[in-house]
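For reference, the structure discussed in these notes is given below.
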Amino acid sequence: MAIIINIDVMLAKRKMSVTELSERVGITMANLSILKNGKAKAIRLSTLDSICKALNCQPGDILEYRSDEDNQEK
């Protein structure tokens with residue numbers, strides 16, 4: 001997939017646990033894990049909004065685009 005989810009990076013920068021983010025956002029640990037591991041097919045804008053509020057960041061801090069060619073090289 002060309003969209004990379006960098007929740008782990010932001011969690012580390014904010015020194016926040018996955019459990020704490022889950023509680024602040026109101027999302028289950030299972031769904032947060034799916035997002036973190038890049039297995040999600042979609043994310044609601046309201047969920048993205050809540051994650052950004054909890055992590056005090058911009059959507060671009062969490063979402064990254066990489067072309068398919070870049071992904072094949074790695």
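Ignoring ligands, DNA and RNA, what accessible area per residue does the chain give at 1.4 Å, in Å²?
69
Would you mind classifying the chain by shape? Square roots of the alpha carbon gyration tensor eigenvalues, ordered a ≥ b ≥ c; an a/c under 1.5 is rounded, otherwise it is prolate if a/b is larger than b/c and oblate if not.
prolate
Among 19, 43, 32, pick out the residue whose Cα is farthest towards the positive end of the charge dipole of the chain, where Lys and Arg carry +1 and Asp and Glu carry -1 on C-beta, about the Cα centre.
The one lying farthest along the dipole's positive direction is 19.
Computing the accessible area with a 1.4 Å probe over protein heavy atoms, can you report the carbon and sulfur percentage for the chain?
Working: 2520 of 5110 Å².
The nonpolar share, carbon plus sulfur, comes to 49 percent.
Can you give me the long-range amide H partners of residue 63? Hydrogens built in the peptide plane at 1.01 Å from N, cutoff under 5 Å, separation of 5 or more residues or another chain.
The answer is 6.
The values are calculated or read from the model by the stated rules, or taken from the named source; none is laboratory data. Since this is a predicted model, take the numbers as computed values, not measurements. With ideal geometry, Cβ positions are generated from the backbone for all residues, glycine too; neighbour counts draw on all protein chains shown. Note: accessible area is taken over every heavy atom of the protein model, side chains too, but ligands, DNA and RNA are not part of it. Shrake-Rupley method; radii C 1.70, N 1.55, O 1.52, S 1.80 Å.
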